[in-house]
Amino acid sequence: MNASQDLQRVQTYIARMPALPVTVTKVIEICNRPGTSPIDLNRVISVDPVLMARVMKLINSAYYGLGAKVTSLSRAIIMLGINTVKNLALSTAVVGAIGKGEASSALNMQGFWRHSLGVGVTAKLIAKRRAVDPRLIEEYFIAGLLHDIGKIPINNVLKDRYVTVFSRADREHIGLAEAEQRELGFSHADVGRLIGETWNIGSAAIDSIGFHHAVANYAEEHRDLVLTVHIANYFMNIAEVGFAGDRFPARPEEASYNALGIDLGLLDDIEAEVDAEIAKAEVFLKVVE
């Protein structure tokens, strides 16, 4: 089977994936409007029992460690913040729609999602250390969490071929994205971008998904975010936090660190925080249960 046929099968799989719930789409739309208030969100979420339960589960989880239980949806939205609620809605919808892999496949989904959480947490910690606008911090988490979602359709549709891709990456000591390109003619970044565009998850996350292995080709408005996810992904791979198939990731160029005004010492500084933050952030996945 040639590359165009493989890609067509993956595109067909994406086209048949369930759409994001209407409420989630509405939440994203509202949150992206200037001047959105918690009241606006409350009106939408209050008519969706599932999403409302997830918001309440999150605010009352160990992630926030509050002494008294929060029972008011409006108070929960205020305490979480608009961006956190948006990212909760988006991430749980994505995981719920695409989060399961086939039993006989290249990817171990538990390892995959732990790696993804690690990248999200690390990207968020880097952004905090760089004093990024607090209103944007959660964008770094969601971009990191979703950066590898393109691997799931490939894993599910091209099971045997993807095992071959993994083997080639190990045999040739190359990054998984490069092995995908050589073996399939496209990469998980290409597929992930298709998913992001299909679901209209926002340009920041779409660009991070599509360019986290090709930062030299990206010079648009979300460059800081894309570079941060690129570096966080490398850090999680070499630290072997979870496993998403990349044993030989390409080392980020020094220019990437310089563009963000950071050095490798920063990654050493936050290493101790990563595991604890991953444990807390796992609630983003558990709320879909």
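Read-outs: derived from the displayed coordinates by stated rules, not from any lab. If you're wondering where the values come from, they're calculated on a predicted model, not measured in any experiment. Methodologically, a virtual Cβ is constructed for each residue, glycine included, from the backbone with ideal geometry; neighbour enumeration extends over all protein chains shown.
In the chain, the sites counted are trypsin sites (Lys or Arg not before Pro) in DSSP loop states with at most 11 other Cβ atoms within 10 Å, and the longest stretch holding none of them, exclusive of the sites, is 101-289. Cα-based radius of gyration for the range 15-98, normalised by 2.2 N^0.38 Å, reads 1.08.
Pairs spanning more than 20 Å between alpha-carbon atoms, out of 26/151; 128/280; 26/280; 69/280; 57/151: 26/151; 26/280; 57/151. Here is what passes the span test in the chain: the DSSP H helices with alpha carbon length of 18 Å or more along the helix axis and a Kyte-Doolittle mean of -1.0 or above are 3-16, 82-98, 109-129, 223-238, 264-281. Averaging the Cα positions of each part gives two centres, and for the range 113-167 and the range 178-255 these lie 8 Å apart. Farthest toward the positive end of the dipole of the range 102-289, out of 245, 265, 154, is the Cα of 154, where the dipole comes from beta carbon charges about the Cα centre.
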